[in-house]
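Colleague: Below you'll find the structure I mean.
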Amino acid sequence: MDEDSSHQNFSIQQATTEHLHLAPHIAATMEESAKARGTGIGKRSPETIANYIREGKALMAFHSDGRWAGFCYMNDFDNGAMVSNSGLIVAPEFREHGLATLLKKALFDLCREKYPEASVVGITTSAAVMKINTALGFYPTAFSEMPHDEKFWKGCELCVNHDILKRTGRKFCLCTAMRFDPTVKAAVAERRFK
């Protein structure tokens, strides 16, 4: 299916308490995806997903026929100096339609709106997510450039690769750390116009 024409088949909205009933399904979809890909996706419990929904930090995607199609959320760290794009999942029947890109872009825009001075960060093993992040202005970086806040690293504890991260003192893992720094972006833009 042509990606551009399929975009009109989806709507993205901020998750509300009306969507809480989807939390178990989202958690199961994340776990199934991790198993199928054989990569490290930190498991999220239905309760964790429900909390992001309640806090107004999550986005939902729906197909035009009303079916749930995707989910992602953000979280702030280091007193709002950094905000993560996390938990991106697309329902299997809606993959390969550009929905992941739409969700990531919508979440990135929401992060920039709510935290305009913050760096936006994420860690991933997914080449597709890395490609989307790069298009948004993220760059690969060292794990030392990720939040120092313990709650950021808590999400890694349920990943199958957590032992690598732990053994290396959070310096290395199979994930790639990526960061969008608004001050770097502004400096690059300023140099282009001189």
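Colleague: Counting each pair of different Cα atoms once, what's the Kirkwood radius of segment 119-183 in Å, rounded to one decimal?
Modeller: Result for segment 119-183 stands at 12.2 Å.
Colleague: Given charges of +1 on the Cβ of Lys and Arg and -1 on the Cβ of Asp and Glu, with all other atoms neutral, how large is the dipole of the chain about its Cα centre, in debye to the nearest 20?
Modeller: Dipole size: approximately 600 debye.
Colleague: While we're looking at this one, here's another question. Any idea which of 127, 116, 100 is furthest toward the positive side of the dipole for segment 90-163, if Lys and Arg beta-carbons carry +1 and Asp and Glu beta-carbons -1?
Modeller: About the Cα centre, the residue reaching furthest to the positive side is 100.
Colleague: With the cut-off at 1.5 for a/c, could you classify segment 71-132 from its C-alpha gyration tensor as rounded, prolate or oblate?
Modeller: Judged from the Cα gyration tensor, segment 71-132 comes out prolate (a/c at least 1.5, a/b above b/c).
Colleague: Separate question: Give me the percent relative contact order of the chain, please, defined on Cα pairs under 8 angstrom at least 6 residues apart.
Modeller: 21
Colleague: Follow-up question, since we're still on this one. Hey, can you list the DSSP H helices of the chain whose Cα span along the axis is 24 Å or longer and whose average Kyte-Doolittle score is at least 0.0?
Modeller: none
Colleague: May I pose another question? Could you look at the chain and say what percent of its accessible area is carbon and sulfur, using a 1.4 Å probe and all protein chains?
Modeller: 53
Colleague: What is the dipole size for segment 6-107, taken about its Cα centre, with +1 at each Lys and Arg Cβ and -1 at each Asp and Glu Cβ, in debye to the nearest 20?
Modeller: Dipole size: approximately 180 debye.
Colleague: Rolling a 1.4 angstrom probe over the protein heavy atoms, how many square angstrom per residue are accessible across segment 70-194?
Modeller: Roughly 53 Å² per residue, with all protein chains present.
Colleague: Rounded if a/c is under 1.5, else prolate if a/b is larger than b/c, else oblate: which is segment 7-140, with a ≥ b ≥ c the root eigenvalues of its Cα gyration tensor?
Modeller: The shape class here is rounded.
Colleague: Is segment 71-193 best put as rounded, prolate or oblate by its Cα gyration tensor, with a ≥ b ≥ c the root eigenvalues, rounded for a/c under 1.5, and otherwise prolate when a/b is larger than b/c, oblate when not?
Modeller: oblate
Colleague: Could you sort the peptides 173-179, 78-84, 154-160 by per-residue average Cβ neighbour count (10 Å cutoff), highest mean leading?
Modeller: Highest-to-lowest ranking by the protection proxy: 173-179, 78-84, 154-160.
The values are calculated or read from the model by the stated rules, or taken from the named source; none is laboratory data. In this text the structure is predicted, and so the values were computed from the model without any measurement. Quick reminder, even Gly has a Cβ in these numbers, built from the backbone with ideal geometry, and neighbours come from all protein chains shown. For the accessible areas, the whole protein counts, side chains as well, though only heavy atoms, and no ligand, DNA or RNA atoms are used. Shrake-Rupley method; radii C 1.70, N 1.55, O 1.52, S 1.80 Å.
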